[in-house]
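The values are calculated or read from the model by the stated rules, or taken from the named source; none is laboratory data. Quick caveat, the model's predicted, so the values are computed rather than measured. Positions of Cβ are generated from backbone atoms using ideal geometry, with glycine treated the same way; all protein chains shown enter the neighbour counts.
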Amino acid sequence: MKTHPIRIVGFDPGLRRTGWGAIDVISNRLIFVASGLVTSDAKTDLASRLLQLHTGVMDVLERYEPNEVAVEQTFVNKDAAATLKLGQARAISLLAPAQRGLEVAEYAPNAVKKTVVGVGHADKNQVQTMVKMLLPKAQFDSEDAADALAIAICHAHQRGQKNYKIA
């Protein structure tokens, strides 16, 4: 019996840069597909930037046709305005897949790190090292794309347990 691959796209939302990473899961094998960034022009107004992100995220979804999507939950910091803008950018990563009828899972940053690295407070270098170990053919040119791949990997490991938060 041949197992069909499950395509997962992970998003690491941000207003300036939203990282994305696509992987295929066949049984317990993880296969790198692609990764990159969706960016917005900081010189334009917020509505235009959100539209740029939406267009870019929709393009990723159309190009890679995932079966499932995983998004990192908002990291709350002391700057309320920055947190609000991040939340608005994050909404794009939730809305676009929902428009395509896809199930969206959300994961806290510490849950992603614990799943991928084994430690909930791992640093960026540790995450990138483990992403390269788990996906030897992975290519990413930014921390955001590496984080998005880590989110996809996290979902690949957690999806059977159905203990993730559905958006």
**Study point:** Count - residues of segment 1-50 that are surrounded by 14 or more Cβ atoms within 10 Å (Cβ to Cβ) and assigned to a strand (DSSP E or B)
**Key:** 26
Study note, to complete from the structure: Of the residues in segment 87-108, those that are surrounded by 20 or more Cβ atoms within 10 Å (Cβ to Cβ) and over 13 Å from T18 (Cβ atoms) come to V104, A105, E106, Y107
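If I filter segment 21-37 for residues that are farther than 29 Å from G160 by Cβ and in contact with a helix residue (DSSP H, G or I) (Cβ under 8 Å, 6 or more places away or on another chain), do I get at least one hit?
Within segment 21-37, one or more residues are farther than 29 Å from G160 by Cβ and in contact with a helix residue (DSSP H, G or I) (Cβ under 8 Å, 6 or more places away or on another chain).
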Review point. When both residues are 6+ apart or on different chains and their Cβ atoms are under 8 Å apart, which pairs have a first residue that lies in segment 1-18 and is over 25 Å from K113 (Cβ atoms), and a second that is among the hydroxyl-bearing types (S, T, Y) and at pLDDT below 95?
Key: T3/S27
Check your understanding: What pairs come up if the first residue lies in segment 25-50 and is of a type in the set (D, E, K, R), the second is part of a loop (DSSP other than H, G, I, E, B), and their beta carbons are under 6 Å apart, counting only those six or more places apart or on different chains?
Key -> R49/S40
Exercise for review: Determine if segment 38-49 includes at least one residue that is closer than 20 Å to A98 by Cα and either polar (S, T, N, Q) or in contact with a strand residue (DSSP E or B) (Cβ under 7 Å, 6 or more places away or on another chain) (or both).
Suggested key: yes
Review point. Of A145, A138, which residue is crowded, with 16+ Cβ neighbours inside 10 Å, at pLDDT 95 or above, of a type in the set (A, V, I, L, M) and at negative phi?
Key: A145
